[in-house]
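The values are calculated or read from the model by the stated rules, or taken from the named source; none is laboratory data. As the structure is a prediction and not an experimental result, all values here were calculated from the model. Please note: Cβ atoms are built from the backbone with ideal geometry, for glycine as well, and neighbour counts cover all protein chains shown. Please note that ligands, DNA and RNA were not included when accessible areas were found on the heavy atoms of the full protein model with its side chains. Shrake-Rupley method; radii C 1.70, N 1.55, O 1.52, S 1.80 Å.
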Amino acid sequence: MPHAAAREMRSPILSIHPYVPAIEQEGDVICSMASRGECDHRLVAEVRPEFSDGTSPRWRVCGEWLTSHPSAIAHITTNGFQEPVVP
């Protein structure tokens, strides 16, 4: 299912950690940033934004979000990926 048009993130991305291997969505393991659970693509990375209160949650994202979201593309272009996460 395609995602709605990507909106700019309010919080900057600190890091993007690829999942090796990608993981299937099931239970509470969902594409948290892209569509709040309305996505059935495999999860390919963990994105860590920095909120204004200084916290840095870990959000799981699918490849479609990672390759189409302007904030993710800008971060990857400038900083690349960080160390992989093994789920």
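Of 11, 15, which residue is open to solvent by less than 40 Å² (accessible area, probe 1.4 Å), at pLDDT 95 or above and not in a helix (DSSP H, G or I)?
On the way: 11 fails: at pLDDT 95 or above.
After applying the criteria, what remains is 15.
Counting the residues of segment 31-87 that are among the acidic types (Asp, Glu), closer than 11 Å to residue 16 by Cβ and either surrounded by 14 or more Cβ atoms within 10 Å (Cβ to Cβ) or modelled with pLDDT under 90 (or both) gives 1. Among the residues making up segment 9-31, a single one is without any contact (Cβ under 8 Å) to a residue 24 or more places away in the chain and either on the phi > 0 side of the Ramachandran plot or among the hydroxyl-bearing types (Ser, Thr, Tyr) (or both): 27.
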